[in-house]
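*Asks:* My questions will all concern the structure given below.
The values are calculated or read from the model by the stated rules, or taken from the named source; none is laboratory data. Everything quoted here is computed from the prediction, not taken from an experiment. Ideal geometry is used to build each Cβ from the backbone, glycine not excepted, and the neighbour counts take in all protein chains shown. To get the accessible areas, we keep the full protein, side chains included, count just its heavy atoms, and leave off ligands, DNA and RNA. Shrake-Rupley method; radii C 1.70, N 1.55, O 1.52, S 1.80 Å.
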Number of protein chains: 2
Amino acid sequence: MSENVSIVGAGHSKFGKRKGLGLRDLAFEAVADLMKDFKKDLGDVDASVIGVAGDEFSGQGAPAAVLMDEIGMAGKPTLRVESACATGTAAIKSAYSWIKAGLYDSVMVLGVEKMTSVSSARATELMARAGDVRWEAPYGVSFPGYYALLASAHMKAYGTTREMLSSVGVKNHHYGAKNPLAHIQKEVSLEEAMNAVPIAHPLNLYDCSLISDGAAAVVLTKESLAKEYTDDPITIKGIGSGSDTMQMAARSTLTSLSGAKTAARKAYEMAGVTAADVDIAEVHDCFTIAEIIATEDLGFFEPGQGGPAAADQQTYVGGKVAVNVDGGLKSKGHPLGATGVSQAAELRKQLLGEAGPRQVDGADLALSHNVGQTGQFVNVVLYERGN
Amino acid sequence: MSENVSIVGAGHSKFGKRKGLGLRDLAFEAVADLMKDFKKDLGDVDASVIGVAGDEFSGQGAPAAVLMDEIGMAGKPTLRVESACATGTAAIKSAYSWIKAGLYDSVMVLGVEKMTSVSSARATELMARAGDVRWEAPYGVSFPGYYALLASAHMKAYGTTREMLSSVGVKNHHYGAKNPLAHIQKEVSLEEAMNAVPIAHPLNLYDCSLISDGAAAVVLTKESLAKEYTDDPITIKGIGSGSDTMQMAARSTLTSLSGAKTAARKAYEMAGVTAADVDIAEVHDCFTIAEIIATEDLGFFEPGQGGPAAADQQTYVGGKVAVNVDGGLKSKGHPLGATGVSQAAELRKQLLGEAGPRQVDGADLALSHNVGQTGQFVNVVLYERGN
């Protein structure tokens with residue numbers, strides 16, 4: 001089937017510490033939001049793909065079955081996918097593939113994570129298990145440590161500075177303050193960002209994304225059916241994936257994620273576009289250094305120029321390319337399984353001109369960059385207005 | 001793309017209590033077995049899909065990254081899928097869809113579980129978490145309990161007897177004794193099977209499948225490329241999936257799994273065949289009653305006739321349809337993520353005439369039936385000889 005696949009609906013829960021709400025409540029909130037301008041019933045959607053990164057946060061095993069029932073899709077085929085922090089886009093890719101393969105006409109994609117029912121220390125430990133539990137985790141390395149290694153290497157190779165890192169945090173909090181669904185909605189000054197409490201040198205508190213609860217949902221259909229589901233479809237123009245060695249010690253460089261470069265190249269090729277065509281991007285800023293590296297790996301800036309571009313506000317609305325102008329993982333929050341789906345929901349808003357004070361004027365082509373672990377799972381998805 | 005998808009290689013670890021071997025050792029064993037008659041290198045395989053049901057058995061989060069690296073596919077896109085006990089066929093369906101969608105030409109599917117590093121009680125608890133942890137698990141119901149409910153209902157509705165249930169266990173141990181990869185390779189008499197220690201009334205020890213370690217792997221390609229990878233491809237002729245309500249209390253019947261009937265219907269329709277065309281089946285005998293119900297849901301026998309057919313040896317080699325003649329989950333073992341892939345590997349052997357003392361003469365069309373939870377995840381796959 002050469003027909004394209006469209007996004008015909010999206011919903012998004014509030015991200016944050018959602019006290020008293022569990023996995024299924026968050027899922028319901030996102031799907032209820034999706035239904036607001038959905039022209040069909042859930043009964044018209046053929047199947048679901050559920051992205052949840054970790055069972056242990058909620059204690060619910062095989063979460064897809066509980067969740068599809070909760071959102072009103074009991075009896076429809078379902079699947080849970082997991083790619084660590086890239087789980088959300090992995091779910092989108094799976095639904096896309098099911099439709100392209102001719103198995104279903106329409107698929108619900110739900111990404112959700114409930115992370116704050118355990119302590120932050122326990123959450124960090126659970127996430128560290130996505131590292132190598134035989135050769136790495138036992139020696140104490142958790143995700144701030146991995147990304148601190150990337151930051152140190154980038155600083156050494158390119159002269160990236162503490163101020164450049166902090167510029168990313170400042171921007172993402174600036175836009176998070178304008179996003180009513182963001183976990184933390186407050187501006188942070190450059191001075192505050194530069195002098196925050198250290199986490200893993202050279203990264204400090206304002207370099208690290210949030211531990212959040214949240215959910216996001218999108219419905220995908222064959223392009224030819226899109227108008228039955230919505231007046232405003234958007235189209236998936238390209239999907240690319242990449243990966244890397246499990247151990248960082250086995251890599252030839254720490255200043256770039258080779259899987260992100262591969263994923264971007266594949267997505268651009270499929271869509272027949274280049275980095276210069278992208279108007280707005282959601283990138284995986286699990287740490288500020290990750291956003292800087294992402295903007296280089298995606299081809300927005302030359303290697304080593306991501307830091308200066310961030311400091312120069314080239315990634316603000318009105319800059320060369322708007323990046324994470326919903327607050328990103330840093331300020332909007334990072335409920336693991338939800339993040340990649342949240343990126344799709346936000347980019348849809350932008351492409352439809354519905355992003356309010358964060359709107360990028362005339363955004364036509366949007367890019368989502370979602371990274372699991374330290375680049376072992378990378379998905380890049382390109383979305384275009386209309387169909 | 002209307003082109004079919006082929007299986008061009010398969011490998012299988014020994015199933016059992018594999019002391020001292022972890023998740024990655026089991027994965028390596030299965031892939032090494034696959035490579036024995038594989039005409040290409042792993043470098044020629046584009047991507048991998050990894051089926052692991054539970055992180056908590058091994059403690060390794062996001063297991064796909066560690067495993068793809070261990071089996072020699074570092075740097076290739078990977079994904080972990082999970083559908084409780086139907087995880088293996090969910091992985092096959094995902095790989096199939098990726099190829100049909102045109103994303104990849106060839107995909108490695110690996111299913112693996114390491115279950116015996118925790119106690120049997122802990123394993124049962126971890127599996128119970130795949131039930132509803134809010135409304136069911138806290139009241140003590142675990143999987144033997146769920147299937148005991150189905151058994152009681154089936155006995156009441158159709159007069160299914162204790163002897164019929166035990167006939168399934170006797171058969172599966174009979175064939176497991178002929179399978180060098182099976183967890184338990186010993187015959188069990190009908191008397192032993194009927195008088196074993198109770199587990200959850202009316203089910204006893206010989207009605208319950210095993211807690212096992214193990215792995216299985218298959219490689220899928222576009223049909224047009226199959227001969228480059230193997231001299232003996234087999235073809236995926238149909239895939240169907242079904243589901244059900246999360247809670248058993250919400251169902252209209254407990255004598256059948258509606259998701260299995262839907263999945264079978266879809267798979268038969270896609271393949272253009274009927275139940276009568278199936279020569280051999282691997283069905284999900286997590287409990288003996290599950291095999292009886294499966295043979296009815298799949299249309300091999302009328303509702304209520306699965307029990308008498310089992311007692312009458314209609315599911316032996318030479319009977320109406322050979323079912324689980326590799327030992328099934330009962331005797332071969334049930335490493336959750338591996339089971340659906342193991343079914344594919346065994347059916348490939350049968351279709352290629354390589355099943356030795358378990359061979360079904362002239363088997364042309366083979367069926368795999370894989371169930372997660374109590375039918376919330378069901379996949380049925382049809383395989384045919386040649387391409």
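*Asks:* Among the residues of region A:285-318 satisfying the criterion of being part of a helix (DSSP H, G or I) and among the polar types (S, T, N, Q), which is surrounded by the most Cβ atoms within 10 Å (Cβ to Cβ)?
*Replies:* Within region A:285-318, the match that is surrounded by the most Cβ atoms within 10 Å (Cβ to Cβ) is A:Thr288.
*Asks:* With the requirement that a residue be over 11 Å from B:Val112 (Cβ atoms), facing another protein chain (nearest Cβ under 7 Å) and part of a loop (DSSP other than H, G, I, E, B), what does region B:57-82 give you?
*Replies:* B:Gly59, B:Gly61, B:Ala62, B:Ala74, B:Gly75, B:Lys76, B:Pro77, listed by residue number.
*Asks:* Do we have any residue at all in region A:223-236 that's of a type in the set (Asp, Glu), touching a residue at least 60 places away in the same chain (Cβ under 8 Å) and either assigned to a helix (DSSP H, G or I) or within 14 Å of another protein chain (Cβ to nearest Cβ) (or both)?
*Replies:* yes
*Asks:* Please go through region A:131-176 and give me each residue that is away from chain B (no Cβ under 14 Å), open to solvent by 30 Å² or more (accessible area, probe 1.4 Å) and of a type in the set (Phe, Trp, Tyr), ordered by number.
*Replies:* Within region A:131-176, A:Tyr139, A:Tyr158 qualify.
*Asks:* Would you confirm whether or not region B:338-346 contains a residue that is touching a residue at least 40 places away in the same chain (Cβ under 8 Å) and not in a helix (DSSP H, G or I)?
*Replies:* no
*Asks:* List, please: which pairs have Cβ atoms under 7 Å, are six or more places apart or on different chains, and start with a residue in region B:77-104 that is in contact (Cβ under 8 Å) with a residue 60 or more places away in the chain and end with one that is charged (D, E, K, R) and outside any loop (DSSP other than H, G, I, E, B)?
*Replies:* Listed by first residue and then by second, the contacts come to B:Glu82/A:Arg80; B:Glu82/A:Glu82; B:Ser83/A:Arg80; B:Ile99/B:Lys222; B:Lys100/A:Lys100; B:Ala101/A:Lys100; B:Gly102/A:Lys100.
*Asks:* When the residues of region A:83-97 are filtered to those that are over 16 Å from the mean Cα position of the chain (by Cα) and of a type outside the set (S, T, N, Q), which remaining residue is farthest from the other protein chains (Cβ to nearest Cβ)?
*Replies:* Among those residues, the one meeting the criterion is A:Ala95.
*Asks:* Let me ask another. Which residue out of A:Val321, A:Val381, A:Val325 is within 14 Å of another protein chain (Cβ to nearest Cβ), open to solvent by less than 10 Å² (accessible area, probe 1.4 Å) and at pLDDT 95 or above?
*Replies:* A:Val381
*Asks:* For B:Lys266, indicate whether it is outside any loop (DSSP other than H, G, I, E, B) and open to solvent by 10 Å² or more (accessible area, probe 1.4 Å). Working first, answer last.
*Replies:* Values: outside any loop (DSSP other than H, G, I, E, B): yes; open to solvent by 10 Å² or more (accessible area, probe 1.4 Å): yes.
So B:Lys266 fits the description; yes.
*Asks:* Quick check on my filter: what residues within region A:269-283 are farther than 19 Å from A:Lys93 by Cβ, of a type outside the set (A, V, I, L, M) and buried (at least 17 other Cβ atoms within 10 Å of the Cβ)?
*Replies:* A:Asp279
Here's the yes/no breakdown for (1) open to solvent by 20 Å² or more (accessible area, probe 1.4 Å); (2) touching a Phe, Trp or Tyr at 6+ places or on another chain (Cβ under 9 Å); (3) modelled with pLDDT under 95; (4) of a type outside the set (A, V, I, L, M, F, W, C):
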{"site": "A:Pro198", "(1), (2), (3), (4)": "yes, no, no, yes"}
{"site": "A:Asn204", "(1), (2), (3), (4)": "no, no, no, yes"}
{"site": "A:Gly214", "(1), (2), (3), (4)": "no, yes, no, yes"}
{"site": "A:Ser224", "(1), (2), (3), (4)": "yes, no, no, yes"}
{"site": "A:Thr230", "(1), (2), (3), (4)": "no, yes, no, yes"}
{"site": "A:Ile236", "(1), (2), (3), (4)": "no, yes, no, no"}
{"site": "A:Thr245", "(1), (2), (3), (4)": "yes, no, no, yes"}
{"site": "A:Ser256", "(1), (2), (3), (4)": "no, no, no, yes"}
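*Asks:* Where the second residue is open to solvent by less than 20 Å² (accessible area, probe 1.4 Å) and of a type in the set (Val, Ile, Thr) and the first is facing another protein chain (nearest Cβ under 10 Å) and lies in region B:238-258, which pairs have Cβ atoms under 6 Å and are six or more apart or on separate chains?
*Replies:* Correct list of pairs: B:Ile239/B:Val381; B:Gly240/B:Val380; B:Gly242/B:Val378; B:Ser243/A:Thr78; B:Met246/A:Val66.
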